[in-house]
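Colleague: Have a look at this one before I ask anything.
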Amino acid sequence: MGLFDKIFGKKIEEQIEDNQTADIFKFDLADLDAVAEADSDIQADELVSVATETPVEEDQQPPITVVSEPFVDAAIDMPIEPVEIPIEALPESIPESISESTPEVTTPVVETPQEIEDKYEKSLKKTSKSFGARFNAFLSNFRSVDEAFFEELEDTLIMSDVGVDVATQLTDDLRHEVKLQNAKSQDDVKRVIIEKMVDNFGESGLETSLIIREPLTVMLFVGVNGVGKTTTIGKLANRFKNEGKKVLLAAADTFRAGATDQLVEWSRRSGVDIVVGKEKSDPASVVFDAVKRAQAEQFDVLLIDTAGRLQNKDNLMKELEKMGKIIKRELPDAPHETLLALDATTGQNAISQAKEFSKVTPLTGIVLTKLDGSAKGGIILTIQQILKIPVKLVGLGEGLTDLENFDEALFVKGLFQDLL
């Protein structure tokens, strides 16, 4: 049974009238109302702009629980490479300068399955509306299923952020499926298209659950600046804390102005501890101190924020390699997750970012942020089918609890809610 059957029920051939004598390449299409309005909706959706990561409020003093003394200062102006420090030169213990603070206490929020489903549906409304408008407008222009129909279908899929490779594959498959399932009406053809897209998506077989290890889980977060990486870390920290886990953050993005302050503010909101270093200090020193403290004080989860200077890939790779060596010296199987944060509003550009970061470091999963503010949620189809990297978390809003595990069934239902 395909994913489409599990979510929507019967396959299309069980709903189409048995008419073997009919010309399977001809069907009548009813004129669609408000096609012009649908086209304008598409343009409006594409102009949506979403605020970037939550700014730090100026009147609040973030609590710093650990001050990491750098053992080397890296260059301030990139792309000058930071000074390389052998692993053996790292300090053997946590610095003595530790100032304790009381994190903000948050009340755990437990969402029901229905609330999560409603959140998916609401967040994917813009994407679904864009999908529906494009496909309805496309179908209204054709009176027969011929080669021109499939060529235009491929273009429509590409414009819907499905991606060139996926669009080509789907179109080839649909040539066969439309004939096989004897689809003649507009609704029949539309349902065949959706059914094939859903079932292909469900065949990826990727594991979308976060990897959790005992006694300590280490997660490394990467991504360009402005995609919501730091915000994601804060929200995930809040979730883990609500689950009863002891959480520690590490502010290893030491070169971007305000990055540490922003993560400190999220640690306060989430009510968890954080390890920070001096501005422009070597990020590896922060990671070293964080790992040591996480082990010494028996933390359950360590979440590490990193720099997003993808334009300087050589420097970034060296930084990540150094962090990896430090982590593996203490925990050979860590980091357990290396998660790439991508902004859903960027569409196909997110694919380019994923390919580039894959060259820098092995990725175990994707965090797709700002899904609620985008009409380009179809990018998930391409990420999982072409890149073979599972989407593990999705941002469905700006609230502290608006980070959800990726649910394949809820995503599909939300994506096609305006088409079926």
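Colleague: What number of residues in the stretch 223-248 are open to solvent by less than 10 Å² (accessible area, probe 1.4 Å), farther than 23 Å from Leu331 by Cα and not in a helix (DSSP H, G or I)?
Modeller: Qualifying residue count, the stretch 223-248: 3.
Colleague: Could you grab me the full set of residues in the stretch 311-320 that are open to solvent by 30 Å² or more (accessible area, probe 1.4 Å) and either in contact with a helix residue (DSSP H, G or I) (Cβ under 9 Å, 6 or more places away or on another chain) or modelled with pLDDT of 95 or more (or both)?
Modeller: Across the stretch 311-320, the qualifying residues are Lys313, Met317.
Colleague: Can you tell me which condition Gln298 does not meet? The list is (1) modelled with pLDDT of 90 or more; (2) open to solvent by 10 Å² or more (accessible area, probe 1.4 Å); (3) touching a strand residue (DSSP E or B) at 6+ places or on another chain (Cβ under 8 Å), and all the others hold.
Modeller: Against the list (1) modelled with pLDDT of 90 or more; (2) open to solvent by 10 Å² or more (accessible area, probe 1.4 Å); (3) touching a strand residue (DSSP E or B) at 6+ places or on another chain (Cβ under 8 Å), Gln298 comes up short only on (3).
Colleague: State whether the residues of the stretch 121-142 include one that is under 21 Å from Ile383 (Cβ atoms) and not in a helix (DSSP H, G or I).
Modeller: Taking every residue of the stretch 121-142 in turn, at least one turns out to be under 21 Å from Ile383 (Cβ atoms) and not in a helix (DSSP H, G or I).
For (1) open to solvent by 10 Å² or more (accessible area, probe 1.4 Å); (2) in contact with a Lys or Arg (Cβ under 9 Å, 6 or more places away or on another chain), each residue gets a yes or a no:
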{"residue": "Arg329", "(1), (2)": "yes, no"}
{"residue": "Pro332", "(1), (2)": "yes, no"}
{"residue": "His336", "(1), (2)": "yes, yes"}
{"residue": "Leu339", "(1), (2)": "no, yes"}
{"residue": "Leu342", "(1), (2)": "no, no"}
{"residue": "Ala354", "(1), (2)": "no, no"}
{"residue": "Lys359", "(1), (2)": "yes, yes"}
{"residue": "Thr364", "(1), (2)": "yes, yes"}
{"residue": "Lys370", "(1), (2)": "yes, no"}
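Colleague: If I filter the stretch 375-420 down to residues being of a type outside the set (A, V, I, L, M), open to solvent by 40 Å² or more (accessible area, probe 1.4 Å) and more than 18 Å from Thr345 (Cα to Cα), which single residue comes out as modelled with the highest pLDDT?
Modeller: Only one residue fits best here, namely Asn405.
Colleague: OK, next. Go through (1) in a loop (DSSP other than H, G, I, E, B); (2) within 21 Å of the chain's Cα centre (by Cα); (3) surrounded by 22 or more Cβ atoms within 10 Å (Cβ to Cβ) and name the single condition Thr254 misses.
Modeller: So Thr254 meets the others, but not (2).
The values are calculated or read from the model by the stated rules, or taken from the named source; none is laboratory data. Keep in mind that what you see is a predicted model, and the values were worked out from it rather than measured. Please note: Cβ atoms are built from the backbone with ideal geometry, for glycine as well, and neighbour counts cover all protein chains shown. What goes into the accessible areas is simple: the full protein's heavy atoms, side chains included, and nothing from ligands, DNA or RNA. Shrake-Rupley method; radii C 1.70, N 1.55, O 1.52, S 1.80 Å.
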